[in-house]
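J.: The structure under discussion is supplied below as structure tokens; questions concerning it will follow.
Throughout, read-outs are computed from the coordinates displayed, never taken from laboratory work. Bear in mind that the values here come from a model prediction, so they are computed numbers and not experimental data. So basically every Cβ, Gly included, is an ideal-geometry build from the backbone, and we count neighbours across all protein chains shown.
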Amino acid sequence: MINAKLLNPKNIVVVGGSDDVTKAGGKVLKNLLGGGFAGDIYVVNPKAPVVQGLTAFADVSLLPRTDLAVIAVAARYCPGIVRTLATEKGTGGFIILSAGFGEENGEGAALEKEIVEIINSTGGTLIGPNCIGFLNNNYHGVFTEPIPRLSPKGIDFISGSGATAVFILETAITGGLPFSTVWSVGNSAQTGVEDVLEHLDLTFDPLTSSRIILLYIENIADPQRFLSHSSSLIRKGCRIAAIKAGSSEAGSRAASSHTGAMASPDTAVDALLRKAGIVRCYSRTDLATVAALFTYKPLKGKRIAVVTHAGGPAVMLTDALSEGCMEIPPLSGPAAECLLEKLFPGSSVANPIDFLATGTAEQLGNILDACENDFDEVDAIAVIFGSPGLFPVDDVYELLHEKIRGCKKPIYPILPSVINVKREIADFIAKGNAIFTDEVLFGRALCRVNATPAPALPEKREDVTAGLSDLNGRSSQTDIRVIREVIDEAQEGYLPPEKVSILLRATGIETVPESVVTSAEAAVRTAASMGYPVVMKVVGPVHKSDIGGVALNIGAEVRVREEYARMMALPEVTAILIQKMITGSELFCGATREDRFSHLVMAGMGGIFIEVFKDVATALVPVSDQEARSMIRSLKSYKIIKGVRGAPGVSEEAFARVITAISDLLTAAPEIAEMDINPLLGTPDKIVAVDARIRIQTVGNEVGSPQSSVGSKIR
């Protein structure tokens, strides 16, 4: 639990403080002394009687009672120091800057574990070890620079990397961003990203808390807790952006299904951040740009007016916005003509609105007023204004400052002349404005922010046995009793086709009529009773098509007998599955269990769209109706689902029901490690599952490990 002694200590000791400000102990002491801390600051140094003007204590045992300790000594000394402070000095907050712990070797990990046990036993809070520290509006407990401009409603920044935190701060500071807290969690021995998010969530005050949170994450230890608290904060009005690094996967992935082959740790991370409503970023500049956007009024819509006095940047911005599915609506009519009359000859108001290099602050004011009041087709305004350095532009930036605060529509200042008008930009930032310096980075960031959905996690999550309608916010057709009967009797490996069909029907997914046969006579009788044409498929091998184990459009008894004889002679075939031949557009839906992330559901068009283009959408279980529809609409092949060039489309509602039904199935049966329904055949009226396979694996066993083919029956 993050406590008050860490956040608002009455006194602080730096253990290992020195006069050498090139070392962590010396620099953190310097930052504390220069940071306006209102309480007492102590320093422990056995070799110097006075350190940076403070009388030094030779040992921690000589200290008075102290709320917070910042420790910068060798790792091997830390457990003893922590024990004395925690048990004798009432210290409840600890920031351990030192390295040499779990990140280094087993001996260091043991020291780290001992420290955590001591601090936990006294109810203390630990930041680190192996971090740059912690700072807030009360004190500067970091050994690095720069110290950002601090504001109670500035950014809360949580980083798993100290060096990266410094680089992100530098990028953000140059853009004019203020901070409220900086949490460098280091090894996260006790307090990690999830713990800080939980603290921010549980202590959130709509009047005083920051509304912007930035994350740099290298590990998500508890995805469900991460999701719960981040989505809760966003629902309370916060905006969160994150870089998740280290998501690439070394080596090959052992998976036998389409879903398993396409899934990856990064796929799950992406689905987690999207489900939470977090804007995912991919670089320091990207993160700082999104953070700057968060300081402006939320964009309601996607129609942007681009205002410029330089043509090239406006074209590049228009391209970036258009590529991200934003709109640059043309402006015309009486209001546009009236505005044009107020500008110099040669100006254009078509959008981009170009008021030329000679344009004045007064003309810019007229443009902004028109966009605010006269052009209903505009939702926000991006203003590009630089300078060749020939004259001051204070009047333009003062106008922007006033309009940003006075207009109801967001106005984004893109100020590229960071050298020519460095002073004017500094004054503009000092008034509380964040800026953008690159129009393309701005445009791409704006598109990503606007495309990030609201949190998808329902407010309340009931136990699955209490009813899946509460879990997913809708009525469910899932028969949990039937599902559990099948799963509880199943062995690890692939389920037989008839059991797969039972599970699908138990979730409300329609299946094609089918039967498994083990003789030619049974095959003939079954085909005749279903009515020709039929489909025949081998049972046994994982990949049926690869060995010629699928025959389509069989229309006569003689073909049934021929195909039965041929297929039964193929390797590993144990039986033949006969299905009624139906037609429709091929769709795909599947799922895989992803380590700590629970299940990941994937959906898309089937056939070439999954095999070649990998056109799939993903979501973490539980999947709501709204989330399922968003998945479908995010597909590049969505126009085909809607119907194109006279071809019939697919029932979007039925497709969404299949996705949520699979989510319900996975919730009821977490033992499912992988599943594919490929293809689903869709028509404008319904969707039918034609081919499916489900692999069972006990929860807790290694997910994605190679499976024995013994006992596996696949269709």
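J.: Go through the range 184-189 residue by residue and turn each phi into a ³J(HN,Hα) via Karplus (6.51, -1.76, 1.60, θ = phi - 60°); whole Hz please, and just put x for glycine and proline.
T.: Result, rounded to whole Hz: 9, 7, x, 6, 6, 4.
J.: Say the dipole of the range 559-618 comes from +1 at the beta carbon of Lys and Arg and -1 at that of Asp and Glu; which of Leu600, Ile610, Met568 then lies farthest toward its positive end?
T.: Most positive-ward Cα: Met568.
J.: Shifting gears a bit: In whole Hz, what ³J(HN,Hα) sequence does the range 83-97 give by Karplus (6.51, -1.76, 1.60; θ = phi - 60°), x for Gly and Pro?
T.: For the range 83-97, the Karplus-derived couplings read 4, 4, 5, 6, 9, 10, 10, x, 6, x, x, 9, 10, 9, 7 Hz, x marking Gly and Pro.
J.: Taking amide H positions as placed in the peptide plane 1.01 Å from N, state which residues far from Ile212 in sequence (5 or more) or on other chains have amide H under 5 Å from it.
T.: Amide H neighbours of Ile212: Asp156, Arg239.
J.: Okay, moving on. If you take Cα extents along the principal axes in Å from the coordinates, which of (1) 205, 68, 46; (2) 147, 64, 49; (3) 99, 77, 41 do you get?
T.: Step by step, Cα extents along the principal axes in Å for this structure corresponds to label (3).
J.: Would you mind calculating the gained length between Lys153 and Glu107 on full extension (0.36 nm times residue separation, minus the Cα-Cα distance), in nm to one decimal? Intermediate results must be reported in sequence, preceding the final value.
T.: Working: separation 46, 0.36 × 46 = 16.56 nm, distance 4.13 nm.
Separation in residues times 0.36 nm, less the Cα-Cα distance, equals 12.4 nm.
J.: Tell me, what ³J(HN,Hα) does each residue in the range 492-497 have, in order and in whole Hz, if you take phi through Karplus 6.51 cos²θ - 1.76 cosθ + 1.60 with θ = phi - 60° and put x for Gly and Pro?
T.: 5, x, 7, 6, x, x
J.: How far is it, in nm, from the label point at Lys342 to the one at Leu62 when both lie 7 Å from their Cα along the line to the Cβ?
T.: 7.2
J.: With unit charges on the beta carbons (Lys and Arg positive, Asp and Glu negative) and the dipole taken about the Cα centre of the range 4-130, which residue among Ala38, Asn130, Ala58 sits farthest to the positive side?
T.: Sorting the options by dipole projection puts first Ala38.
J.: Further question on the same structure: Using unit Cβ charges (K, R positive; D, E negative) and no other charged atoms, how large, in debye to the nearest 20, is the dipole of the range 514-644 about its Cα centre?
T.: Here the range 514-644 has a charge dipole of around 340 debye.
J.: Which peptide among 181-194, 222-235 comes first, and what is the full order, when sorted by highest mean count of other Cβ atoms within 10 Å?
T.: On the way: 181-194: 24.9, 222-235: 20.9.
Those peptides, ordered most packed to least, come out 181-194, 222-235.
J.: Give the aspartates and glutamates whose C-alpha is closer than 16 Å to that of Lys302, dropping any in the same chain fewer than 8 places away, or say none.
T.: Correct list for Lys302: Asp319, Glu323, Glu327, Glu372, Asp376, Glu377, Asp379.
J.: Let's test the formula: R0 of 25 Å, r as the Cβ-Cβ distance of Met316 and Ser283. What FRET efficiency results, to the nearest 0.05? Mind dumping the intermediate values first?
T.: Working: r = 18 Å, r/R0 = 0.74.
The computed FRET efficiency comes out at 0.85.
J.: Tell me, what is the FRET efficiency for Glu323 and Ala426 to the nearest 0.05, using R0 = 25 angstrom and their Cβ-Cβ distance as r?
T.: Numbers: r = 33 Å, r/R0 = 1.30.
Efficiency for this residue pair is about 0.15.
J.: Quick one: if the Förster radius is 41 Å, what FRET efficiency do Arg481 and Ala245 give, using the C-beta to C-beta distance and rounding to 0.05? Don't skip to the answer; put the middle values down first.
T.: Working: r = 44 Å, r/R0 = 1.08.
Computed FRET efficiency for Arg481 and Ala245: 0.40.
J.: Next question, about the same structure. What distance in nm lies between label points placed 7 Å from Cα along the C-beta direction at Glu117 and Ala357?
T.: 7.2
J.: Let me ask another. State to the nearest 20 debye the size of the charge dipole of the chain about its Cα centre, where the only charges are +1 on K and R beta carbons and -1 on D and E beta carbons. Walk me through the numbers on the way to the answer.
T.: Numbers: 67 positive and 81 negative charges, 67 e Å.
The calculated dipole for the chain is roughly 320 debye.
J.: Show the residues, 5+ positions off or on another chain, whose built amide H is closer than 5 Å to the amide H of Phe57.
T.: Val43, Val44, Asn45
J.: Rounding to the nearest 20 debye, state how big the charge dipole of the range 4-130 is about its Cα centre with +1 on each Lys and Arg Cβ and -1 on each Asp and Glu Cβ.
T.: On the way: 11 positive and 12 negative charges, 68 e Å.
That gives the range 4-130 a dipole magnitude of about 320 debye.
J.: Taking amide H positions as placed 1.01 Å from N in the peptide plane, with prolines and chain starts having none, which residues 5 or more places from Glu594, or on another chain, fall under 5 Å of its amide H?
T.: Answer set, sorted by chain and number: His599, Leu600.
J.: Also, I was wondering about something else. For the chain, with the dipole built from +1 on Lys and Arg beta-carbon atoms and -1 on Asp and Glu ones, taken about the Cα centre, which of Ala654, Ser417, Asn373 lies farthest toward the positive end?
T.: Ala654
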